[in-house]
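Below is one structure, written out as structure tokens; comments come after it.
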């Protein structure tokens with residue numbers, strides 16, 4: 001059994017929607033193959049190349065076009081009609097690549113790396129939590145980057161792309177970041193993480209050359225101490241125990257703030273009104289396939305990530321390899 005940060009978020013937002021979509025439960029997803037327009041993911045694809053450890057000592061003038069190519073490859077998957085969003089990302093990255101060389105006072109060690117760890121039983125941390133079928137319950141996720149500062153302290157680097165600055169308290173209370181710090185230390189024993197460096201890129205800022213980068217980019221460091229990480233472990237274990245319980249109570253959390261963007265609103269309304277939810281699911285949804293690691297993606301396979309390592313083959317057709 002595998003629980004992800006997104007699963008936890010969905011579980012706490014609305015148990016009924018989580019029950020419809022989780023692979024731990026019914027495992028439905030909307031029956032559509034339309035590509036999602038996600039500027040944040042496309043920008044992060046470029047930043048994964050910019051911070052690739054094997055190219056960190058390369059001249060940034062060489063790395064920059066590779067990062068830009070990663071962005072163009074990501075947006076090429078979008079449906080037509082979003083040229084304005086593509087142009088916004090181009091301008092944002094152009095400003096960032098001008099600004100970052102002076103701001104990057106760390107050395108990247110890994111980028112886009114997956115972790116996969118067992119979850120201790122909250123009642124007895126010496127034992128791993130097991131589901132109703134007896135199998136181990138695991139927590140899986142991905143970190144954007146692992147970096148080391150000039151004092152040899154390790155941090156997770158997270159790229160936040162969107163409108164406005166995040167509230168500082170929201171970053172301090174960021175459960176996903178704290179859980180990633182705990183999980184990384186458990187996955188890679190001996191690798192202590194001091195906290196998270198939140199790297200914010202504003203999409204609503206004026207990107208003209210006359211405006212200072214401080215209005216577009218911001219770095220915020222949030223330390224994660226041992227007491228906090230112990231609480232993260234306990235909370236994760238408690239939630240995972242509930243999520244994998246055979247007797248879990250399923251109920252909705254109806255509010256328009258939650259329901260307005262929910263992909264499972266139609267079957268939820270059917271359940272609420274006594275209609276046939278099964279017919280709604282059969283007509284407009286399909287079963288989610290098991291989640292698989294995406295080979296060929298940064299972090300999706302094992303590469304040497306030390307300085308001087310060969311970079312991944314960006315955009316190269318694997319059938320042309322010899």
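The values are calculated or read from the model by the stated rules, or taken from the named source; none is laboratory data. As the structure is a prediction and not an experimental result, all values here were calculated from the model. For neighbour counting, all protein chains shown are included, and Cβ atoms are generated from backbone atoms with ideal geometry for every residue, glycine included.
In this structure, residue 27 does not qualify as touching a strand residue (DSSP E or B) at 6+ places or on another chain (Cβ under 7 Å) and surrounded by 21 or more Cβ atoms within 10 Å (Cβ to Cβ).
When 37, 85 are checked against the criterion of being assigned to a helix (DSSP H, G or I), over 26 Å from residue 196 (Cα atoms) and touching a helix residue (DSSP H, G or I) at 6+ places or on another chain (Cβ under 8 Å), a single residue qualifies: 85. Residue 112 meets the conditions (1) in contact with a helix residue (DSSP H, G or I) (Cβ under 9 Å, 6 or more places away or on another chain); (2) more than 19 Å from residue 63 (Cβ to Cβ) in every case but one. The failed one is (2). Inside the stretch 44-63, residues that are in a helix (DSSP H, G or I) and over 22 Å from residue 146 (Cβ atoms) make up a count of 2.
Scanning the stretch 79-102 for residues that are over 19 Å from residue 200 (Cβ atoms) and surrounded by fewer than 16 Cβ atoms within 10 Å (Cβ to Cβ) yields 79, 80, 81, 82, 83, 84, 87. Among residues that are in contact (Cβ under 8 Å) with a residue 12 or more places away in the chain and at negative phi, residue 120 is included. Apart from one condition, residue 235 fits all of (1) modelled with pLDDT of 95 or more; (2) over 30 Å from residue 186 (Cβ atoms); (3) surrounded by 15 or more Cβ atoms within 10 Å (Cβ to Cβ); the exception is (2). One residue stands out in the stretch 165-202 among those that are at pLDDT 95 or above and assigned to a loop (DSSP other than H, G, I, E, B): the one that is farthest from residue 98 (Cα to Cα), namely 173. Has the stretch 207-218 got at least one residue that is under 22 Å from the mean Cα position of the chain (by Cα) and surrounded by fewer than 18 Cβ atoms within 10 Å (Cβ to Cβ)? Yes, the stretch 207-218 contains a residue that is under 22 Å from the mean Cα position of the chain (by Cα) and surrounded by fewer than 18 Cβ atoms within 10 Å (Cβ to Cβ). Candidates 10, 34, 5: the one that is under 21 Å from the mean Cα position of the chain (by Cα), surrounded by fewer than 15 Cβ atoms within 10 Å (Cβ to Cβ) and more than 25 Å from residue 204 (Cβ to Cβ) is 34. Just one of the listed residues (126, 64, 138) is under 30 Å from residue 241 (Cα atoms) and crowded, with 16+ Cβ neighbours inside 10 Å, and it is 138. Of the residues contained in the stretch 225-245, none is found to be on the phi > 0 side of the Ramachandran plot and touching a residue at least 12 places away in the same chain (Cβ under 8 Å).
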